[in-house]
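Trainee: Take this structure, written in structure tokens, and hold onto it; I'll ask about it next.
The values are calculated or read from the model by the stated rules, or taken from the named source; none is laboratory data. Because the structure is predicted, anything quoted here is derived from the model rather than measured. Note that we place each Cβ from the backbone using ideal geometry, even for glycine, and neighbour counts take in every protein chain shown. Just so you know, the surface numbers come from the protein's heavy atoms only, side chains and all, with ligands and any DNA or RNA stripped out. Shrake-Rupley method; radii C 1.70, N 1.55, O 1.52, S 1.80 Å.
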Number of protein chains: 4
Amino acid sequence: MSGLLRFGISLPKDLLEKFDKLIKAKNYSNRSEAFRDLIRQELVKEEWKAGTEVVGAVTLVYDHHKRELVNKLTDIQHDFQGTIISTQHIHLDHNNCLELIAVKGPATNITKLADTLKSVNGVKHGTLSMSSTGKGLK
Amino acid sequence: MSGLLRFGISLPKDLLEKFDKLIKAKNYSNRSEAFRDLIRQELVKEEWKAGTEVVGAVTLVYDHHKRELVNKLTDIQHDFQGTIISTQHIHLDHNNCLELIAVKGPATNITKLADTLKSVNGVKHGTLSMSSTGKGLK
Amino acid sequence: MSGLLRFGISLPKDLLEKFDKLIKAKNYSNRSEAFRDLIRQELVKEEWKAGTEVVGAVTLVYDHHKRELVNKLTDIQHDFQGTIISTQHIHLDHNNCLELIAVKGPATNITKLADTLKSVNGVKHGTLSMSSTGKGLK
Amino acid sequence: MSGLLRFGISLPKDLLEKFDKLIKAKNYSNRSEAFRDLIRQELVKEEWKAGTEVVGAVTLVYDHHKRELVNKLTDIQHDFQGTIISTQHIHLDHNNCLELIAVKGPATNITKLADTLKSVNGVKHGTLSMSSTGKGLK
């Protein structure tokens, strides 16, 4: 853990007023926290570009009545065992499921896994959330 | 459930070759499935713009040693009880947690929830995955 | 024009070091300027969401040998005369042109114009850059 | 130039109806053209990832009263002479200018140029549109 450093920055008055309004609308308790978030957002982008170990979430929406589909998704997840931490399965309605897969590993592996899952016939929609191990984001 | 319709489309030869190469790299088994994905991707964007009922996932990375933070995140999740389906908690290392929150509801509610969670002091990174209930994506 | 306000913010030491490294790589001369940019980036997103008067650039890549295409693009641009400021035309090679269209107006008009131009048969690629009149970004 | 190839694809009826509605709203004259656009969009993303020769547009909004700023922007543009094709300058109001810079070259050069221009003190907003030389998009 590292200590907090305090330093000054200068902003045009109008810009600061607009920023204060925006962070109030987004529920930030103070400017420092809002700034920290803006910075971390940029750093996470860099982590994914650099291809270092990252964390993410893959979401899949599919119709679970297609039995073959479920088997295929399970097979793929086993192939990427080292990358997948855990999976959460939600019954959205009689037909549709949402699967949330927590992943951790090199950025390229995770992208490959997400692409492979999304390409399976019957998967209606897939997304990849790009987040961080948190280690570089004190 | 609706039946499959088959129809023809015309593409320049070069473009089709490049597309075939791309979908092979992304593991699609055939062109139809790749086209369906491109279409669904556009439809999901429209669902979020239109503000109808959507499905998503919020990811949060934070240091669980900050007890107050955990309480605050729990309080917020209770305020949005109608929107949150379930939550998955992962211990990334001694300090860092990953939380995956499955959400369903009007697009504006979900955006509001994600903004509120991300703004909590101590949350290192947050993302919002925009997906679909699957109902409109046969 | 408004004066500069100076105020303090606190950041964890490690986060600040990573940020300093990042802004050096991106050529910022000091932290204040980097912070101003992060803020303005967020404000411009809000301007486009709010649908106020914005500024942007539409890019189009197309094969100018298709005469009908050029006429159609010109017709559309005339229909949106109030929104288009000026157009820059570049000969990329024997076949391909790049057109850069500077636009100003309500966000929805500009999106509509970009969608309409991109949909013309023969346009190979189109983009819309979302920027600002600068008035709200002191 | 290459000839057109015609082939069949299958889509669920509901999905096709939704797609037809969407492309009508976006002014496409037929499905083939809409599909071509979806494909080209994916191919351009790949071109930028692969770092091959690409085309783009940098937009800058700034206050031209800051003389030093204008000199600095000009100096940078000269340093990237090989990458910049031409520049269009628009007077938005008494204070604000919009500059549209047409660029062509390796993806990394263009990103570097855009980062450098955006980081100059006094530039209020900058964007980078990622497009294509059109050569790979028949």
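Trainee: How many residues does the range A:1-31 contain that are under 16 Å from B:Thr116 (Cα atoms), in a helix (DSSP H, G or I) and of a type outside the set (A, V, I, L, M)?
Mentor: Number satisfying all stated conditions: 4.
Trainee: Is at least one residue of the range B:116-125 more than 18 Å from A:Gly134 (Cβ to Cβ) and more than 7 Å from every other protein chain (Cβ to nearest Cβ)?
Mentor: So far as the range B:116-125 goes, no, none of its residues is more than 18 Å from A:Gly134 (Cβ to Cβ) and more than 7 Å from every other protein chain (Cβ to nearest Cβ).
Trainee: Looking at the range D:1-10, is at least one residue touching a residue at least 24 places away in the same chain (Cβ under 8 Å) and more than 7 Å from every other protein chain (Cβ to nearest Cβ)?
Mentor: Step one: filter the range D:1-10 for residues touching a residue at least 24 places away in the same chain (Cβ under 8 Å), giving D:1-2.
Now drop any that are not more than 7 Å from every other protein chain (Cβ to nearest Cβ), which leaves D:1.
Checking the range D:1-10: at least one residue is touching a residue at least 24 places away in the same chain (Cβ under 8 Å) and more than 7 Å from every other protein chain (Cβ to nearest Cβ).
Trainee: On the basis of being surrounded by 15 or more Cβ atoms within 10 Å (Cβ to Cβ) and assigned to a helix (DSSP H, G or I), does A:Leu60 make the cut?
Mentor: no
Trainee: OK, next. Which residue pairs have Cβ atoms under 6 Å apart, sit 6 or more places apart or on different chains, and have a first residue in the range C:21-49 that is open to solvent by less than 10 Å² (accessible area, probe 1.4 Å) and a second that is in a loop (DSSP other than H, G, I, E, B) and not hydrophobic (A, V, I, L, M, F, W, C)?
Mentor: Matching pairs, first to second residue: C:Glu33/D:Asn121; C:Ala34/C:Tyr28; C:Val44/C:Ser132.
Trainee: Being polar (S, T, N, Q), open to solvent by 10 Å² or more (accessible area, probe 1.4 Å) and either outside any strand (DSSP E or B) or modelled with pLDDT under 95 (or both) is the filter here, so list the residues in the range C:110-128 that pass it.
Mentor: C:Thr111, C:Thr116, C:Asn121
Trainee: Within the range C:70-83, can one find any residue that is in contact (Cβ under 8 Å) with a residue 12 or more places away in the chain, at negative phi and in contact with a strand residue (DSSP E or B) (Cβ under 6 Å, 6 or more places away or on another chain)?
Mentor: The answer is yes; a qualifying residue exists.
Trainee: Which residue, of D:Lys13, D:Lys18, is crowded, with 17+ Cβ neighbours inside 10 Å and facing chain B (nearest Cβ under 9 Å)?
Mentor: Checking each option against the conditions leaves just D:Lys18.
Trainee: Additional query: Here are C:Ser86, C:Ser32, C:Ser2: which of them is modelled with pLDDT of 90 or more and over 24 Å from D:Gly56 (Cα atoms)?
Mentor: Numbers: C:Ser86 fails: over 24 Å from D:Gly56 (Cα atoms); C:Ser2 fails: modelled with pLDDT of 90 or more.
Exactly one of C:Ser86, C:Ser32, C:Ser2 is modelled with pLDDT of 90 or more and over 24 Å from D:Gly56 (Cα atoms), namely C:Ser32.
Trainee: Now for a different question. If C:Lys49 meets every condition in (1) away from chain D (no Cβ under 14 Å); (2) assigned to a strand (DSSP E or B); (3) under 30 Å from A:Trp48 (Cβ atoms) apart from one, which number is that one?
Mentor: (2)
Trainee: I'd like to verify a number: residues in the range B:1-10 that are loosely packed, with under 14 Cβ neighbours inside 10 Å and within 29 Å of the chain's Cα centre (by Cα), how many? Before the answer, list the steps.
Mentor: Our first condition is that a residue be loosely packed, with under 14 Cβ neighbours inside 10 Å; within the range B:1-10, this holds for B:1-4, B:6-8.
Filter once more, so that each one left must be within 29 Å of the chain's Cα centre (by Cα): B:1-4.
Total meeting the criteria: 4.
Trainee: If only one of D:His91, D:His78 is surrounded by fewer than 17 Cβ atoms within 10 Å (Cβ to Cβ) and within 12 Å of chain C (Cβ to nearest Cβ), which one is it?
Mentor: Step by step, each of D:His91, D:His78 is checked, and only D:His91 is surrounded by fewer than 17 Cβ atoms within 10 Å (Cβ to Cβ) and within 12 Å of chain C (Cβ to nearest Cβ).
Trainee: For C:His89, state whether it is in a loop (DSSP other than H, G, I, E, B) and over 30 Å from A:Lys49 (Cβ atoms).
Mentor: For C:His89, the condition - in a loop (DSSP other than H, G, I, E, B) and over 30 Å from A:Lys49 (Cβ atoms) - is not met.
Trainee: Return a yes/no flag: does the range D:129-136 have any residue that is more than 11 Å from every other protein chain (Cβ to nearest Cβ) and in a strand (DSSP E or B).
Mentor: In the first step, residues of the range D:129-136 are kept if they are more than 11 Å from every other protein chain (Cβ to nearest Cβ); the result is none.
Checked the range D:129-136: no residue is more than 11 Å from every other protein chain (Cβ to nearest Cβ) and in a strand (DSSP E or B).
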